[in-house]
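Contents: one structure, followed by commentary.
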Amino acid sequence: MNLTTNYLGLQLKHPIMPGASPLTNRLGIIRELEDAGAAAIVLASLFEEQVRLTQSERLKLENRHAETDAHEDSLIEGSDAYAFGPDEYLEHIYRAKLAVDIPVIASLNARTPTTWVDFARSVQQAGADAIELNLYFLPTDPDTTAAEIETRMLEIVTSVRETSSLPLAVKLSPFFSSIAHLAQR
């Protein structure tokens with residue numbers, strides 16, 4: 001039986017692949033997933049908060065270092081609450097690509113367009129075969145309209161698309177009153 005399929009322009013042996021999860025945080029498990037027949041690997045998601053936190057930490061520490069002439073060796077790389085910070089995530093993409101012969105798909109959780117402009121380019125340079133872009137957040141501000149939320153999501157997709165030529169899957173939350181209209185946009 002021929003189960004080959006095309007996903008995001010990637011030719012896969014079949015449509016079965018592990019989604020973003022902690023399973024893909026270790027290279028040994030990624031190899032085991034390939035050995036077990038996974039057609040591709042979606043890495044665990046990197047959250048926008050991780051990228052912003054690291055950027056903020058760097059700015060604070062660089063300012064402190066500039067004032068005290070301290071060395072930059074103590075810069076914090078990511079948060080302990082996550083498996084990888086942004087730099088480690090890029091390294092993980094690179095190492096995963098070296099470890100397996102199946103496509104490696106990066107997973108990014110985005111809330112704003114600006115954070116991902118440079119990072120999407122870095123994901124491509126690290127060797128990812130595609131990007132899974134997760135656009136999920138709960139709108140809690142009563143002054144934010146549905147149109148504003150949809151526009152923000154489209155801006156995120158546009159910013160990633162402008163900086164990366166990788167195939168892009170966009171995952172949406174189920175909270176839309178007119179998903180067909182958003183998809184058309």
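Quick rundown of the values:
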item: Filter pass, Ser159 being under 29 Å from Gly28 (Cα atoms) and touching a residue at least 24 places away in the same chain (Cβ under 8 Å); result: no
item: In segment 114-163, residue modelled with the lowest pLDDT [restricted to those that are assigned to a helix (DSSP H, G or I) and aromatic (Phe, Trp, Tyr)]; result: Trp116
item: Asp80 open to solvent by 40 Å² or more (accessible area, probe 1.4 Å), at pLDDT 60 or above and more than 21 Å from Glu132 (Cα to Cα); result: no
item: Number of positions in segment 32-58 that are loosely packed, with under 15 Cβ neighbours inside 10 Å and modelled with pLDDT of 90 or more; result: 4
item: Subset of segment 1-31 (residues that are exposed (fewer than 13 other Cβ atoms within 10 Å of the Cβ) and in contact (Cβ under 8 Å) with a residue 24 or more places away in the chain); result: Gly9, Pro15, Pro22
item: Residue among Leu166, Leu172, Leu154 that alone is open to solvent by 50 Å² or more (accessible area, probe 1.4 Å) and within 30 Å of Ile41 (Cβ to Cβ); result: Leu172
item: Candidate set: segment 1-54, residues that are assigned to a strand (DSSP E or B) and among the β-branched types (Val, Ile, Thr); chosen: the one farthest from Leu133 (Cα to Cα); result: Thr5
item: Close pairs (9 angstrom Cβ cut-off, 6 or more residues apart or separate chains): within 30 Å of Ala126 (Cα to Cα) in segment 165-185, of a type in the set (Ser, Thr, Tyr) and in a loop (DSSP other than H, G, I, E, B) anywhere; result: Lys171/Tyr136; Leu172/Tyr136; Ser173/Tyr136
item: Tabulated pairs, segment 121-135, first open to solvent by less than 10 Å² (accessible area, probe 1.4 Å), second part of a strand (DSSP E or B) and small (Gly, Ala, Ser), C-beta under 7 angstrom, 6+ apart or interchain; result: Val123/Ala106; Ala128/Ala106; Ala130/Ala169; Ile131/Ala106; Leu133/Ala169
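The values are calculated or read from the model by the stated rules, or taken from the named source; none is laboratory data. Quick caveat: nothing in here was measured; it's all calculated off a predicted structure. Here Cβ is always computed from backbone atoms with ideal geometry, including for glycine, and neighbour counts include all displayed protein chains. Side chains included, ligands, DNA and RNA excluded: accessible areas come from the protein's heavy atoms. Shrake-Rupley method; radii C 1.70, N 1.55, O 1.52, S 1.80 Å.
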